[in-house]
Amino acid sequence: MKEILFNDLPRYINWIKHTLSRRDFAIKYKTEEEVIREYDNEKWGGLLEKVKKSLNPSLEEVEIESNSFDQVSPFFIRGKFYLGLGEEIADAHLELYRKTISPYINQASCLVELGAGFGSKILNLSQFNELNELPLYAAEYTKNGCELISILSKTINKKVSIGQCDFRKLEISGIEIPKNAIIFTSYSVHYVPHLSNNLIKFLSSLNPLVVIHFEPCYDHYSVKTLHGLLCRRYIESNDYNRNIISVIDSAKKDKKISVKMKNNIIGSNPFLPISVIEWIIEQ
């Protein structure tokens with residue numbers, strides 16, 4: 001990894017120039033149909049076709065294909081900007097997730113990822129020594145994503161209970177999540193532009209040990225810095241979520257949950273860094 005300046009970013013990201021040169025901007029609305037088109041049909045659908053054609057598919061090969069591990073690009077870590085390989089930033093994400101999840105392991109019944117994509121995060125986490133004994137549960141919005149999780153989990157000899165989840169309708173089907181689970185989301189709830197205030201009630205009904213969100217948070221991007229303003233514009237132009245913090249704060253104010261937050265820790269996209277939000281149900 002090589003540290004670079006904020007002013008170097010336009011050399012690598014064309015979106016900045018296009019955004020600053022226009023008064024208006026086209027919004028890529030995140031309707032249910034658009035999410036299905038982008039992920040179920042195109043991204044996960046394309047990956048699934050390649051995996052099915054492969055004689056011996058591996059999780060590593062799928063990650064290289066989907067995440068551009070071999071390409072050099074800019075990213076963000078704790079207020080600084082770097083240039084490096086996609087694999088390096090992916091490893092940094094996993095280390096953050098491992099360190100955040102690990103303190104809860106001894107009391108946990110299982111590890112659950114909601115909005116699991118093709119299973120990259122939960123499958124890789126399950127291979128860390130301290131996590132490899134926890135039962136695994138993964139729920140994903142797309143059918144092709146669920147099928148990829150099923151195939152790839154077998155390639156690393158992991159048993160994963162797989163179901164579907166919908167953060168718009170607040171529904172989970174196909175799996176029964178045990179009490180005292182570590183439940184986490186990663187770049188998933190941000191695909192719902194406006195989350196229901198019932199999100200906390202919905203997740204609390206699963207009786208988790210802890211819920212951890214690794215998600216971009218619109219309210220955590222400062223309006224007093226150019227970087228913060230561009231992060232907000234990126235969220236707006238892609239119709240990503242803008243109210244997860246207000247949903248969390250409302251439940252905290254009502255003393256339904258206790259919360260720990262770490263703002264803007266890391267981002268493979270310098271304009272979409274994630275915060276870490278850990279919450280437990282108030283007793």
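The values are calculated or read from the model by the stated rules, or taken from the named source; none is laboratory data. These numbers were taken from a predicted model, which means no experiment stands behind them. For neighbour counting, all protein chains shown are included, and Cβ atoms are generated from backbone atoms with ideal geometry for every residue, glycine included. Keep in mind that these areas ignore ligands, DNA and RNA; they rest on the heavy atoms of the full protein, side chains included. Shrake-Rupley method; radii C 1.70, N 1.55, O 1.52, S 1.80 Å.
Listed values, structure above:
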{"read-out": "DSSP beta bridges in segment 163-283 [antiparallel fraction, %, rounded to 5]", "value": "75 percent"}
{"read-out": "Across 179/253; 43/154; 80/169; 80/255, pairs whose alpha-carbon gap is larger than 31 Å", "value": "80/169; 80/255"}
{"read-out": "Solvent-accessible surface ranking, highest first, for 191, 29 at 1.4 angstrom", "value": "29, 191"}
{"read-out": "Relative contact order [Cα under 8 Å, 6+ residues apart], segment 57-166, whole percent", "value": "23 percent"}
{"read-out": "Residue-span extension gain [residue 88 to residue 154] - 0.36 nm each, minus C-alpha spacing", "value": "21.2 nm"}
{"read-out": "In nm, spacing of pseudo-spin labels at residue 282 and residue 207 (7 Å Cα→C-beta vector)", "value": "2.2 nm"}
{"read-out": "49, 176, ranked by accessible area, largest first (probe 1.4 Å)", "value": "176, 49"}
{"read-out": "Protein accessible area in the chain, 1.4 Å probe - carbon and sulfur %", "value": "48 percent"}
{"read-out": "In Å², nearest 10: area of residue 154 left accessible to a 1.4 Å probe", "value": "140 Å²"}
{"read-out": "Mean ellipticity per residue at 222 nm, deg cm²/dmol - from DSSP H runs of n ≥ 4 across the chain, formula -39500 (n - 2.57)", "value": "-9500 deg cm²/dmol"}
{"read-out": "Entries in 121/201; 50/121; 99/262; 50/143; 17/224 that, when Cα-Cα distance is taken, lie over 18 Å", "value": "121/201; 50/121; 17/224"}
{"read-out": "Rounded accessible area per residue of the chain, 1.4 Å, Å²", "value": "50 Å²"}
{"read-out": "Test item: Cα-centred dipole of segment 4-157, Lys/Arg +1 and Asp/Glu -1 on Cβ, debye", "value": "500 debye"}
{"read-out": "Within a Gaussian network of the chain (alpha carbon springs, distance under 10 Å), most fluctuating of 168, 242, 11", "value": "11"}
{"read-out": "Computed over segment 176-283: relative contact order in percent, which uses C-alpha pairs under 8 Å that are six or more apart", "value": "32 percent"}
{"read-out": "Within straight-line cross-link reach of residue 2, aspartates and glutamates at Cα separation under 16 Å, skipping those fewer than 8 residues along the same chain", "value": "70, 87, 88, 91"}
